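Enquirer: My structure is below; once you've seen it, I'll send some questions.
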Amino acid sequence: MIEPRPSISGGARLAGVIGWPISHSRSPRLHGYWLARYNLDAAYVPMEVHPDDLADALAVLPKLGFRGVNVTVPHKESAMALVDRVDDTARRIGAVNTIVIDAAGRRLGLNTDAFGFMANLRDQAPLWRPDGGPAVVVGAGGAARAVVVGLLDAGAEVRIINRTRTRADALARDLGTPHITVHDWEDRNAALRGAALVVNTTTLGMAGQPALDLDLAPLPGTAVVADIVYTPLWTPLLKAARARHLATVDGLGMLIHQARPGFAAWFGREPEVDKAVRDYLVRDLEDGG
Ligand code: ATR
């Protein structure tokens, strides 16, 4: 149980999340949970900032004493040009989701989604190996870019399938590596042959969206099936994988793991990812936030 705690002091560390709109964001709940659990003198606040005001908002954060922020939809790409430095991973993904402000007020742009995806994959599917077979990534949007970068950096071969082939080709070209192949949407079932991992990075399977139409039969029995959708936690894709006794990785873990680097940098403590925080977020999702 979380004990009631004293309110923040004048010396509290400040961070938050900037988006537009912002009310859907789970990040205040997640960071707030960890702050309460570790009884830290700190606050993490939601900030609704219109795209026209993003440059002003990011410029003023160091002057307000913020340690940093998360950046979410629709600002992840535009934030890249508005920080003082962008790290290599964020540049390859083409988006910033975490900003860390140093003592001199310089804003460093990071992208922790690749880290979050990989940390969760290793957590929930410890038997997965990057050299166990190709990883099939479904989708070619911003989320796919992060997942592909994570997988490539781990040493995996990546097959991309996307409804709009040109977007998948652009992703492969941008990353400039021979370790990606692009397959036609019509051939998506065949692309699963011999794969060690399949990841859905599209919005298909989300509540209110159609399911991803993918036949898992060609997958080896040792394959892992991952979804980055977490509403619902058990997407139709993950249920189909479970019915075939394949290992599954859900999207909630990625949400939690991607938050770790920001929390550690701003608040000075590495937060734990365990059943307690997962259960808290599942309850929160069920309550509608
Ligand atoms: P994000 O940045 O969150 O990844 P996005 O850039 O809008 O979001 O990408 C959404 C992904 O879901 C894309 O790969 C998109 O495919 P297209 O590039 O063809 O648009 C995919 N997607 C969304 N709806 C889809 C559908 N009904 N069928 C197939 N793919 C779909």
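The values are calculated or read from the model by the stated rules, or taken from the named source; none is laboratory data. Just so it is clear, the model here is predicted, and its values are computed rather than measured. Backbone-built Cβ (ideal geometry, glycine too); neighbour counts: all protein chains shown.
Enquirer: Considering only segment 56-105, state which residues are of a type in the set (Lys, Arg) and in contact (Cβ under 8 Å) with a residue 12 or more places away in the chain.
Expert: The first filter runs over segment 56-105 and keeps only residues of a type in the set (Lys, Arg), leaving 63, 67, 76, 85, 91-92.
Result: LYS63, ARG67, LYS76, ARG85, ARG92.
Enquirer: Is it the case that some residue within segment 143-161 is at pLDDT 95 or above and over 24 Å from LEU212 (Cβ atoms)?
Expert: Quick first cut of segment 143-161, residues at pLDDT 95 or above only: 143-161.
Okay, now just the ones that are also over 24 Å from LEU212 (Cβ atoms), so 153, 155.
Among the residues of segment 143-161, at least one is at pLDDT 95 or above and over 24 Å from LEU212 (Cβ atoms), which makes the answer yes.
Enquirer: Name the residue, out of ALA140, ALA156, ALA168, ALA144, that is small (Gly, Ala, Ser), within 16 Å of the ligand (Cβ to nearest atom) and in a loop (DSSP other than H, G, I, E, B).
Expert: Values: ALA156 fails: within 16 Å of the ligand (Cβ to nearest atom); ALA168 fails: in a loop (DSSP other than H, G, I, E, B); ALA144 fails: in a loop (DSSP other than H, G, I, E, B).
It is ALA140.
Enquirer: Then there's this: Please state which of the following conditions ARG29 fails to meet, knowing it meets all the rest: (1) more than 16 Å from the ligand (Cβ to nearest atom); (2) closer than 24 Å to ASP102 by Cβ.
Expert: All conditions pass for ARG29, except number (2).
Enquirer: Somewhere in segment 59-80, is a residue among the hydroxyl-bearing types (Ser, Thr, Tyr) and surrounded by fewer than 16 Cβ atoms within 10 Å (Cβ to Cβ)? Before the answer, list the steps.
Expert: The first filter runs over segment 59-80 and keeps only residues among the hydroxyl-bearing types (Ser, Thr, Tyr), leaving 72, 78.
Narrowing further to those that are surrounded by fewer than 16 Cβ atoms within 10 Å (Cβ to Cβ): 78.
Within segment 59-80, one or more residues are among the hydroxyl-bearing types (Ser, Thr, Tyr) and surrounded by fewer than 16 Cβ atoms within 10 Å (Cβ to Cβ).
Enquirer: So which of ALA57, ALA43, ALA79, ALA125 is within 16 Å of the ligand (Cβ to nearest atom) and touching a strand residue (DSSP E or B) at 6+ places or on another chain (Cβ under 8 Å)?
Expert: Only one candidate qualifies: ALA79.
Enquirer: Answer yes or no as to whether ASP131 is assigned to a helix (DSSP H, G or I) and surrounded by fewer than 23 Cβ atoms within 10 Å (Cβ to Cβ).
Expert: Working: assigned to a helix (DSSP H, G or I): no; surrounded by fewer than 23 Cβ atoms within 10 Å (Cβ to Cβ): yes.
In short, no.
Enquirer: Here's a follow-up. Looking for something within 30 Å of ILE101 (Cα to Cα) and either surrounded by fewer than 16 Cβ atoms within 10 Å (Cβ to Cβ) or out of contact with any strand residue (DSSP E or B) (no Cβ under 8 Å at 6 or more places or on another chain) (or both) - is there at least one such residue anywhere in segment 206-227? It would help to see each step written out before you state the result.
Expert: Going through segment 206-227, the residues within 30 Å of ILE101 (Cα to Cα) turn out to be none.
No; the residues of segment 206-227 include none that is within 30 Å of ILE101 (Cα to Cα) and either surrounded by fewer than 16 Cβ atoms within 10 Å (Cβ to Cβ) or out of contact with any strand residue (DSSP E or B) (no Cβ under 8 Å at 6 or more places or on another chain) (or both).
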